[in-house]
Amino acid sequence: MSLFNKVVVKTLPLVPKPVVRYFSKRYIAGEYLPEAVKVVQHLNGIGCMATMDVLGESVTEKDLAGNMLTECQNVLTGIHNEKLDSNLSIKLTQLGLDIDYDFTLKNVRDIVEHARSLDNFVRIDMEDSSTTDKTLSIYKTLREEFPNVGVAVQSYLRRTENDVKDLVKEHSNFRMCKGIYVEPEKIAFKKREEINASFLRLIEIIFEAGSYVGIATHDDDLITGSYRLIEKYNLKPEQYEFQMLLGVRHEMRDRILRDGHRMRIYVPFGTYWYQYSVRRLKENPKMAGTMAKAILFRNKGK
Ligand SMILES: Cc1cc2nc3c(=O)[nH]c(=O)nc-3n(C[C@H](O)[C@H](O)[C@H](O)COP(=O)(O)OP(=O)(O)OC[C@H]3O[C@@H](n4cnc5c(N)ncnc54)[C@H](O)[C@@H]3O)c2cc1C
């Protein structure tokens with residue numbers, strides 16, 4: 001990362017919101033459901049499935065969690081009415097995990113039940129390590145009752161191998177990702193090679209057990225490694241899927257589709273777009289650098 005981009009990433013909180021909005025447009029499908037529906041219709045048209053996500057996390061009031069529950073149910077109904085090829089991703093801290101476990105379990109059960117009535121599926125995102133135990137516990141409880149729920153796991157956590165070995169016993173439905181939160185070295189791999197080796201080891205454990213996995217990455221080495229495992233286990237395209245974030249690496253997305261694999265795009269939308277945008281821009285310092293240059297040099301030549 002260049003020094004300029006490093007400085008920009010550090011000072012992102014000082015950038016005016018409209019500027020962040022302009023540069024993060026590619027990562028967010030809009031503020032409201034009709035805009036997100038249009039994005040998903042486009043993705044479906046080019047052969048991608050989607051998973052829609054109502055932005056928001058770390059809710060501390062039951063009323064707000066209740067609003068989020070309603071929004072999630074509306075998204076599922078919208079997917080059904082518009083005949084979209086999309087499921088729903090949720091974060092448990094949007095639905096009350098920081099407030100009360102049983103309250104959250106009930107909210108998630110309502111969403112998963114509504115999804116089942118519409119023949120759809122709900123994926124539980126994985127958040128920071130303080131939530132891992134509770135997230136897996138809610139997932140396992142619901143999985144006993146519902147086949148249409150899955151969970152994300154993070155290859156950077158040292159515990160994940162044990163979690164996956166445990167979860168495959170119940171034929172879990174996984175999303176494998178590297179993990180996005182800053183975690184201490186005691187519990188998380190820090191080196192890229194270790195995180196990647198863990199990612200592929202975990203995918204192999206899942207394939208071996210015959211469970212389903214969404215391979216969520218934009219990393220060339222992990223895509224190549226996953227291709228090798230798909231070939232080794234002689235899998236059909238319906239037995240797994242690739243997943244990518246909206247707005248990231250279109251050329252790679254199209255290549256994976258051309259290679260005959262299924263691709264699901266994570267489509268976030270909602271009024272809580274700012275936090276998500278800053279996170280994406282921090283991950284992509286080149287974009288953050290472009291944004292800063294555009295601001296700094298916008299009057300050049302006039
Ligand atoms: C569908 C999906 C769902 C996810 N769900 C979760 C979750 O539930 N919990 C969780 O902790 N994390 C989640 N993540 C995030 C994930 O953990 C990683 O932090 C993120 O995907 C970056 O890792 P990577 O594997 O793409 O590899 P990286 O090495 O980070 O990226 C590989 C290359 O992709 C490109 N790239 C990556 N990110 C961007 C970007 N924002 N903009 C432009 N280019 C970029 C760059 O060229 C980069 O060199 C999810 C990711 C995806 C794709």
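For the stretch 18-71, a residue qualifies if it is β-branched (V, I, T) and under 19 Å from the mean Cα position of the chain (by Cα), and the qualifying residues are I28, V37, V39, V40, T51, V54, V59. Put simply, of E144, E170 the only residue that is open to solvent by 50 Å² or more (accessible area, probe 1.4 Å) and at pLDDT below 95 is E170.
Considering the stretch 57-92 alone, what residues qualify as being of a type in the set (D, E, K, R), assigned to a helix (DSSP H, G or I) and closer than 19 Å to G30 by Cβ?
Taking the stretch 57-92 as the starting set, the residues that turn out to be of a type in the set (D, E, K, R) are 57, 61-63, 71, 82-83, 85, 91.
Keeping just the survivors that are assigned to a helix (DSSP H, G or I) gives 62-63, 71.
If the condition is that a residue be of a type in the set (D, E, K, R), assigned to a helix (DSSP H, G or I) and closer than 19 Å to G30 by Cβ, then E71 is the only one that fits.
On the basis of being in contact with a strand residue (DSSP E or B) (Cβ under 8 Å, 6 or more places away or on another chain), among the small types (G, A, S) and either within 18 Å of C48 (Cβ to Cβ) or within 9 Å of the ligand (Cβ to nearest atom) (or both), does S226 make the cut? Yes: the conditions hold for S226.
Working carefully through the options N107, N87, find the one that is open to solvent by less than 20 Å² (accessible area, probe 1.4 Å), at pLDDT 95 or above and in contact with a Gly (Cβ under 8 Å, 6 or more places away or on another chain). If you could, list the steps in order and put the result at the bottom.
Values: N87 fails: in contact with a Gly (Cβ under 8 Å, 6 or more places away or on another chain).
Checking each option against the conditions leaves just N107.
Just for the stretch 173-203: of the residues that are surrounded by fewer than 16 Cβ atoms within 10 Å (Cβ to Cβ) and over 19 Å from T132 (Cβ atoms), which one is nearest to the ligand (Cβ to nearest atom)? Going through the qualifying residues, I end up with R192. Within the stretch 47-84, restricting attention to residues that are modelled with pLDDT of 95 or more and at positive phi, the residue that is least open to solvent (accessible area, probe 1.4 Å) is G47. Return yes when V267 is closer than 23 Å to N67 by Cβ and not in a helix (DSSP H, G or I) and no when it is not. Considered against the rule, which asks whether it is closer than 23 Å to N67 by Cβ and not in a helix (DSSP H, G or I), V267 comes out as yes. For beta carbons closer than 9 Å, sequence separation of 6+ or different chains, a first residue in the stretch 14-43 that is at positive phi and a second that is open to solvent by 50 Å² or more (accessible area, probe 1.4 Å) and basic (K, R), the qualifying pairs are G30/K38. Residues that are open to solvent by less than 40 Å² (accessible area, probe 1.4 Å) and more than 16 Å from the ligand (Cβ to nearest atom) within the stretch 23-46 comprise G30, V37, listed in sequence order.
From the list L200, L229, exactly one residue is part of a helix (DSSP H, G or I), of a type in the set (A, V, I, L, M, F, W, C), over 30 Å from F23 (Cβ atoms) and under 20 Å from the mean Cα position of the chain (by Cα). Which is it?
L200
Residues in the stretch 247-265 that are out of contact with any His (no Cβ under 9 Å at 6 or more places or on another chain) and open to solvent by less than 20 Å² (accessible area, probe 1.4 Å): G247, I256, M263, I265.
The values are calculated or read from the model by the stated rules, or taken from the named source; none is laboratory data. Being a predicted model, the structure only gives us computed values, none of them experimental. Quick reminder, even Gly has a Cβ in these numbers, built from the backbone with ideal geometry, and neighbours come from all protein chains shown. Areas reflect the complete protein model, heavy atoms only, side chains present, ligands, DNA and RNA absent. Shrake-Rupley method; radii C 1.70, N 1.55, O 1.52, S 1.80 Å.
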